[in-house]
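Peer 1: I'd like to ask some things about the structure below.
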Amino acid sequence: MSECGCSSQSGGVPLKPLEEALLLLLSHARPVTEVEEVSLPEALGRVLASAITSRITMPPWDNSAMDGYAVKTADMGGCGTRLPISQRIPAGSTGEPLAPGTVARIFTGAPVPANADAVVIQEVCEEQGGEVIISQVPLPGANIRRAGEDIREGADVLAAGTRIEPQHLGLLASVGMDRIPVWRRLKVAIFSSGDELVMPGQPLGPGQIYNSNEFTLEALLRSLGCELVKMGIVEDTLEATCRALEDAAEQADLIMTSGGVSVGEEDHIKPAVEQLGRLDLWKVAIRPGKPLAFGHIGDTPFIGTPGNPVSLFVTFCLFGRPFILKAQGVAGDLRPTPVTAPIACDWPRPDKRREFARARLELDDEGEARVSLYRSRSSGVLSSLAWANGLAILPEGQPLERGELVRFLPFSELLS
C-alpha cells in the first residue's frame, strides 16, 4: 500500500491498508471445533476435520490402459509378428498367466496377466483366424498402469483443512471411503439496516427500495456452505440495532450486516457495536468498500458491510470470504489468486485508494486476453456486477495506459 493509502483520513480516522485490515480479521477468526461425520454426497463444500489415509493401494494391480493385446515383448520378432490369442480378459475378471508365444485379448482396466510386460493397442493389430498380426512392436511397460502409481496403502489421500470439491469426492470414493469427518457448518446471522428497505414482492412506497443486499449476502454465504440465521430488516434506531446484535450474538458464530456503518445520523451499527462490545476496525483504504466495520459483540465476531450493493459484494469477497474460510477450518493461503492481463483502455484518473473495478477478462479479435472496465465507478450500480466476470485491481495513485498489465481477480476465485 502506498503512502497515500496509509495516510488517508476520513472523519479523523486513518484508513486501514487492505493487507493490515485482512490480517487483523484473520487473527480473530476462530475455527469451529465440533466434528460431524457425513456421507460423500453430503460432503461437497465441507471442510475435512482430519486427514484421510488410504486403506488400499490404487490401482491394486497392474492394469491395461487401453483396449488391445497383452504381450511379452521378448516373444515379438518385429513388425508383422503373428501370435495366437490364448485368452480374453475383460475388465472385472482376472486372466491366467500368459502362455509363452501367445497374446491375451485385454480391455481397459483389466488386470495384466502374469508374464506379460506390455499392451499393444488394438489399432495397430489385425485378428485373423484366432491369431493377431502386430504391426508395431511395443516397448516393455507400454500401456500398463502400474499397481500403486496413484495411491499406496497407508498414504495420506487428503489433508485436514481441505475444502471438499468434486474431484476430492471421486478420489475419496476411489479408496473406498463412504463417510468422512468434517467440521460443522459455520452459523452466520445476517440482517439489513434501513427504513427504506422493502422485500421483493411488496409494493414500494415513497423513498423505498427493494432489499437486494439480503439476497446477495445470503447467496454469498450459502456458496461457502454456511448455515444462516436470517433476521430480516432492522429499523433505523439504536435500540432496535442493539437488540438485533444481541440476539444475533446468542445464535450464531458470526454476525454480518449490510448498511448502517457510515457516519450519518441514521447509521446506528457503529455506535451499537461500540456500546455492546468493541469495534476493532472501521474504514479500509479501498474503493469501493471504504466503510467496512469489524468488531465483537461479546465473543461473537461482527462484520459490517456497506449498504451500497457493489461495496457489499467487494468487501465480502476481500474480507468476509477469507475470514469465513478460516473459521470453517480451511487450511493454507486463503487469499484469491489473481491473473495478469493488459488493460483495454487508458486509466488516467486513479484514486488515492486501491480500486477494485468491475471488469471483464475476455479475448480480443486476435485471441489475446484483455481486461475491460465497466463504464461507471458508482458503487450503487448493481447491474455492473452482472456484466463483470471479475475485479480489476487498480493501484492507488497510478495512472495506466492501454496495454499495461493489471491484476485481475476472476469471480471463479471469489465466489466459491
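Peer 1: For residues that are aliphatic (A, V, I, L, M), within 15 Å of PRO138 (Cα to Cα) and in contact with a Gly (Cβ under 8 Å, 6 or more places away or on another chain), tally how many sit in region 71-105.
Peer 2: 2
Peer 1: Further question on the same structure: Only one of these is touching a Phe, Trp or Tyr at 6+ places or on another chain (Cβ under 9 Å) and of a type in the set (S, T, N, Q): SER64, SER86, SER39, SER54. Name it. Give the steps one after another, and end with the answer.
Peer 2: On the way: SER86 fails: touching a Phe, Trp or Tyr at 6+ places or on another chain (Cβ under 9 Å); SER39 fails: touching a Phe, Trp or Tyr at 6+ places or on another chain (Cβ under 9 Å); SER54 fails: touching a Phe, Trp or Tyr at 6+ places or on another chain (Cβ under 9 Å).
None of the others qualify; the one that does is SER64.
Peer 1: While we're here: Just wondering, is there one or more residues in region 325-343 that are among the acidic types (Asp, Glu), more than 30 Å from ILE269 (Cβ to Cβ), surrounded by fewer than 13 Cβ atoms within 10 Å (Cβ to Cβ) and in contact (Cβ under 8 Å) with a residue 24 or more places away in the chain?
Peer 2: No - not one qualifying residue is present in region 325-343.
Peer 1: Cβ-Cβ distance below 8 Å, separation of 6 or more or different chains: which pairs start in region 123-135 with a residue that is farther than 14 Å from ALA70 by Cβ and among the basic types (Lys, Arg) and end on one that is assigned to a strand (DSSP E or B) and at pLDDT 95 or above?
Peer 2: Cβ pairs passing all conditions: none.
Peer 1: Residues of region 19-55 being closer than 30 Å to GLY148 by Cβ, surrounded by fewer than 16 Cβ atoms within 10 Å (Cβ to Cβ) and touching a strand residue (DSSP E or B) at 6+ places or on another chain (Cβ under 6 Å), which ones?
Peer 2: Residues satisfying the conditions are GLU37, VAL38, SER39, SER50, ALA51, THR53.
Peer 1: Of everything in region 188-239, what is without any contact (Cβ under 8 Å) to a residue 60 or more places away in the chain and touching a His at 6+ places or on another chain (Cβ under 8 Å)? Give them in sequence order.
Peer 2: ASP236, THR237, LEU238, listed by residue number.
Peer 1: Has region 239-249 got at least one residue that is part of a helix (DSSP H, G or I) and exposed (fewer than 13 other Cβ atoms within 10 Å of the Cβ)?
Peer 2: yes
Peer 1: Under 6 Å between Cβ atoms, at least 6 apart or on separate chains: pull out the pairs that start in region 8-30 with a residue that is within 19 Å of VAL188 (Cα to Cα) and end on any residue that is charged (D, E, K, R) and at pLDDT 95 or above.
Peer 2: That search, which allows pairs on different chains as well, returns LEU26/LYS326; ALA29/LYS326.
Peer 1: Checking SER135 against (1) surrounded by 16 or more Cβ atoms within 10 Å (Cβ to Cβ); (2) touching a Cys at 6+ places or on another chain (Cβ under 6 Å), only one condition comes out false. Which one?
Peer 2: With respect to (1) surrounded by 16 or more Cβ atoms within 10 Å (Cβ to Cβ); (2) touching a Cys at 6+ places or on another chain (Cβ under 6 Å), SER135 is out only on (1).
Peer 1: So if I check each of MET76, MET66, which one is surrounded by 13 or more Cβ atoms within 10 Å (Cβ to Cβ) and modelled with pLDDT under 95? Talk me through it step by step, then tell me what you get.
Peer 2: Details: MET66 fails: modelled with pLDDT under 95.
Matching residue, one of MET76, MET66: MET76.
Peer 1: Could you list, in sequence order, the residues of region 273-310 that are surrounded by fewer than 24 Cβ atoms within 10 Å (Cβ to Cβ), in a helix (DSSP H, G or I) and in contact with a strand residue (DSSP E or B) (Cβ under 7 Å, 6 or more places away or on another chain)?
Peer 2: Scanning region 273-310 gives a single hit, LEU276.
Peer 1: Among the residues of region 181-198 satisfying the criterion of being over 20 Å from the mean Cα position of the chain (by Cα) and either among the hydrophobic types (A, V, I, L, M, F, W, C) or part of a loop (DSSP other than H, G, I, E, B) (or both), which is modelled with the lowest pLDDT?
Peer 2: Across region 181-198, the extreme among qualifying residues is GLY194.
Peer 1: Within the group VAL182, VAL137, which residue is under 23 Å from PHE323 (Cβ atoms) and in contact with a helix residue (DSSP H, G or I) (Cβ under 9 Å, 6 or more places away or on another chain)?
Peer 2: Values: VAL137 fails: under 23 Å from PHE323 (Cβ atoms).
Result of the check over VAL182, VAL137: VAL182.
Peer 1: Against the definition (closer than 30 Å to ALA386 by Cβ, within 30 Å of the chain's Cα centre (by Cα) and not hydrophobic (A, V, I, L, M, F, W, C)), how does ARG222 come out, yes or no?
Peer 2: Answer is yes for this residue.
Peer 1: Could you check region 382-404 and list, in sequence order, the residues that are surrounded by fewer than 17 Cβ atoms within 10 Å (Cβ to Cβ) and more than 30 Å from ARG163 (Cβ to Cβ)?
Peer 2: SER383, GLY397, GLN398, PRO399, GLU401, ARG402, GLY403, GLU404
Peer 1: Please determine whether any residue of region 251-261 is at pLDDT 95 or above and over 17 Å from GLY320 (Cβ atoms).
Peer 2: The answer is yes; a qualifying residue exists.
The values are calculated or read from the model by the stated rules, or taken from the named source; none is laboratory data. Note that this is a predicted model, so its numbers are computed, not measured. Because the Cβ atoms are built from the backbone with ideal geometry, glycine has one as well, and the counts that use them run over all protein chains shown.
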